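Contents: one structure, followed by commentary.
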Amino acid sequence: MDKILIEGGERLVGEVTVSGAKNAVLPLMAASLLVDGWNTITNVPNLRDIETFKILLKHLGSELEADPQNNILKIKTSNLKSNEAPYDLVKTMRASVLVLGPLVSRFKQARVSLPGGCAIGARPIDLHLKGLKQMGAEVTIEKGYVNVAAKKLKGAKIYMDTTTVTGTENLMLAAVHAEGTTILENSALEPEVACLADALNRMGARITGAGTETIKIEGVDKLYPIEMRVIPDRIEAGTFMVASAMTRGNVLIKDCPHYYLDSLNVKLKEAGAEIIEEDGGIRVIGDVPIRSVDVKTIPYPGFPTDMQAQIMAMMCIGSGLSVITETVFENRFMHVSELKRMGADITIDGRCAVVRGVKQLSGAPLMATDLRASASLILAGLVADGKTEVSRIYHLDRGYEKIEEKLKRLGAKIERVKE
C-alpha cells in the first residue's frame, strides 16, 4: 500500500484546477443503464470509486471505453445480461446502490446487495425502498440482498422523512420511465442532484424542480444517449481553499464552483482569509493569525459535512476556541484522535468537538480512517513542524485525483511512496 509523506511549513502559491465531481459522475454512470447506445461522460476524474463502478457496470453487461488521459468515459448498456449487484462490489462503495432504480425500471426487477455499515455512520437505504414500494414495486429482503420487482412502476407522491442524496437520485432514476407523474418531497438540494436531472432531461426525461425540495418527474417511454460533462468537485475545491488559507497561501483555484460553496466562503472570511473572484476561478489568500470560528454541518446549502474534517484541521492552529458540531453523521470525528497525535487540543462532547487552537502542530505517523479524514490529515501535515506520514491513503484515492501532485505544484513538500 502507498502512504503520503509531508514535510510541513511551506506556503502554497500558484494555480490548481479542480477535477470533476465524483458524487456527480456516479449517478451519471448509473443513468446510462436507462439508455440504448453510447453515452459519453467528460471531465471524469481518475478515482478508485469510479473504477469500482466501472467494474459493476461491466458485471451487469455494459461496454465501456475509457480515455483516462482526457478524462472521457463512454458507456453502452444495450446488451445488459444481469440485474444483480453483488455484495463483493457493493460492500466497497455504498453508491453502488444507485443501480437499483435503473435496473428496476429497465428489467422490471433487480437484486442488489444491502450496502451494510459505513465508517462515518449509518446510511440505510430504507427511504429508497419505501419510495419504490409507493411506486408499486414489491420489495423483499433475504440473505443480505434486497429484491425489487415491478411489472410497471407508477407515479406517486413520495415524502422522504429525512433528506437523502442517493435516495433522491435513485428514485429519480426509477421514476423517469414510470407511468404517470412522480413527486419527490423533501428532496436533497445538492448540486449533484441537479446535475443528474439536467443530464436526464437532455436524454429526453421530463424533470422539473431539481435543486429544490420538490422534484416532479413525468414518466417517458424512451431516453436517448447524449454527451454530458461532469460539474467540478466542490469538496475538492473547498479542500484547496482551506489549504491555501491555513498555509498563508495565495492560490488561484480554477474551475472552482464557488457558487456552491457560500457557507465555506463565509467561514473562511470569518477566519481571516481573503477570497477574490477572478476569471476562471477563486483566489484564496491566507493570513495569520487564523481566527477561530464555530461550524455546524447541515445538508446543502449549509456547511458540508464533507468539509468538516478539513475545517477542523485549520481550527487546530486557530487563535482561540472553536466549536464544531456534526449533525449529519454520528461517527464523523474519527480524525480527531490522529490530529491529537500531532498536538491538537480537541475535546469531544457528543456531536460537538471543542477545538482550542495551538501555536504549532508537530509531524507524526498517522492513519487515515475515511476519505475526508485523509484530506484533513494532509492539511494538518502541511502546517506541522517536521515530517508527517499518512498511511491507508486508499481512502484518499476514492475522492481526490492525484492530490499530492497538485499540492506539490503549489510548493508543498509532499510525495507518495510505497509502504
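For the list (1) surrounded by fewer than 24 Cβ atoms within 10 Å (Cβ to Cβ); (2) within 26 Å of Ala178 (Cα to Cα); (3) out of contact with any strand residue (DSSP E or B) (no Cβ under 7 Å at 6 or more places or on another chain); (4) modelled with pLDDT of 95 or more, I need the number of the one condition that Arg106 fails.
So the condition that Arg106 fails would be (4).
Does any residue of the stretch 225-241 turn out to be of a type in the set (Phe, Trp, Tyr), out of contact with any Gly (no Cβ under 8 Å at 6 or more places or on another chain), at pLDDT 95 or above and not assigned by TED's automatic domain parsing to the domain that holds Trp38?
Yes, the conditions are met somewhere in the stretch 225-241.
Any idea how many residues of the stretch 59-104 are within 14 Å of Trp38 (Cα to Cα) and over 20 Å from the mean Cα position of the chain (by Cα)?
The number of residues fulfilling the criteria is 13.
Just to verify a result, which residue in the stretch 191-203, among those that are of a type outside the set (A, V, I, L, M, F, W, C) and over 14 Å from the mean Cα position of the chain (by Cα), is nearest to Gly20 (Cα to Cα)?
The selected residue is Asp198.
The rows are residues; the columns are (1) aliphatic (A, V, I, L, M); (2) modelled with pLDDT of 95 or more; (3) buried (at least 20 other Cβ atoms within 10 Å of the Cβ).
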{"position": "Met367", "(1), (2), (3)": "yes, no, no"}
{"position": "Ala373", "(1), (2), (3)": "yes, no, yes"}
{"position": "Leu379", "(1), (2), (3)": "yes, yes, yes"}
{"position": "Leu382", "(1), (2), (3)": "yes, yes, yes"}
{"position": "Gly386", "(1), (2), (3)": "no, yes, no"}
{"position": "Ile393", "(1), (2), (3)": "yes, no, yes"}
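Mind counting the residues in the stretch 338-352 that are in contact (Cβ under 8 Å) with a residue 12 or more places away in the chain and not in a strand (DSSP E or B)?
7
Going by the structure shown, is Ile403 touching a strand residue (DSSP E or B) at 6+ places or on another chain (Cβ under 6 Å), at pLDDT 95 or above and under 19 Å from Val242 (Cβ atoms)?
Here the answer is no, as Ile403 does not meet what is asked.
Residue by residue through the stretch 363-419, note down the ones that are in a loop (DSSP other than H, G, I, E, B), farther than 14 Å from Leu339 by Cβ and hydroxyl-bearing (Ser, Thr, Tyr).
Tyr394, Tyr400
Scan the stretch 349-388 for residues that are of a type in the set (Val, Ile, Thr) and within 18 Å of Arg248 (Cα to Cα) and jot them down.
Val358, Ile378, Val383
Within the stretch 166-190, restricting attention to residues that are assigned to a strand (DSSP E or B) and of a type in the set (S, T, N, Q), which residue is nearest to the chain's Cα centre (by Cα)?
The extreme case among them is Thr182.
Please go through (1) in contact with a strand residue (DSSP E or B) (Cβ under 9 Å, 6 or more places away or on another chain); (2) more than 22 Å from Gly14 (Cα to Cα) for Pro191 and return the number of the only condition it doesn't satisfy.
Going through (1) in contact with a strand residue (DSSP E or B) (Cβ under 9 Å, 6 or more places away or on another chain); (2) more than 22 Å from Gly14 (Cα to Cα) one by one, Pro191 breaks only (1).
Residues are listed down the side, and each one gets a yes or a no for (1) free of Cβ contacts under 8 Å to residues at least 12 places away in the same chain; (2) crowded, with 18+ Cβ neighbours inside 10 Å; (3) part of a helix (DSSP H, G or I):
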site	(1), (2), (3)
Glu192	no, yes, yes
Cys195	no, yes, yes
Asn201	yes, no, yes
Ile215	no, yes, no
Met228	no, yes, no
Glu236	no, yes, yes
Leu268	no, yes, yes
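Got a sec? Which of Val355, Val293, Val288 is in the same structural domain as His395 (by TED's automatic domain parsing), at pLDDT 95 or above, in a loop (DSSP other than H, G, I, E, B) and under 18 Å from Lys267 (Cβ atoms)?
Sole residue among the options that is in the same structural domain as His395 (by TED's automatic domain parsing), at pLDDT 95 or above, in a loop (DSSP other than H, G, I, E, B) and under 18 Å from Lys267 (Cβ atoms): Val293.
Please indicate, with yes or no, whether at least one residue in the stretch 305-318 is aliphatic (A, V, I, L, M) and without any contact (Cβ under 8 Å) to a residue 60 or more places away in the chain.
yes
Return the only residue of Asp36, Asp67, Asp88, Asp49 being in the same structural domain as Val193 (by TED's automatic domain parsing), surrounded by 17 or more Cβ atoms within 10 Å (Cβ to Cβ) and acidic (Asp, Glu).
Asp49
This table checks each residue for (1) part of a helix (DSSP H, G or I); (2) in contact with a strand residue (DSSP E or B) (Cβ under 7 Å, 6 or more places away or on another chain).
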| residue | (1), (2) |
| --- | --- |
| Tyr300 | no, no |
| Met314 | yes, yes |
| Ser322 | no, yes |
| Glu330 | no, no |
| Val336 | yes, yes |
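State all residues of the stretch 226-250 that are under 22 Å from Lys413 (Cα atoms) and of a type outside the set (A, V, I, L, M, F, W, C); if no residue qualifies, say none.
Hits for the stretch 226-250 are Glu236, Gly238, Thr239, Ser244, Thr247, Arg248, Gly249, Asn250.
Closer than 14 Å to Asp306 by Cα and out of contact with any Phe, Trp or Tyr (no Cβ under 6 Å at 6 or more places or on another chain) - does that describe any residue in the stretch 402-418?
No, that holds for no residue.
Among the residues that make up the stretch 145-167, is at least one of them touching a residue at least 60 places away in the same chain (Cβ under 8 Å), buried (at least 23 other Cβ atoms within 10 Å of the Cβ) and closer than 23 Å to Asp88 by Cα?
Checked against the condition, which is being touching a residue at least 60 places away in the same chain (Cβ under 8 Å), buried (at least 23 other Cβ atoms within 10 Å of the Cβ) and closer than 23 Å to Asp88 by Cα, the stretch 145-167 yields at least one hit.
The values are calculated or read from the model by the stated rules, or taken from the named source; none is laboratory data. This structure is a prediction, so every number in the text was calculated from the model and none was measured. Ideal geometry is used to build each Cβ from the backbone, glycine not excepted, and the neighbour counts take in all protein chains shown.
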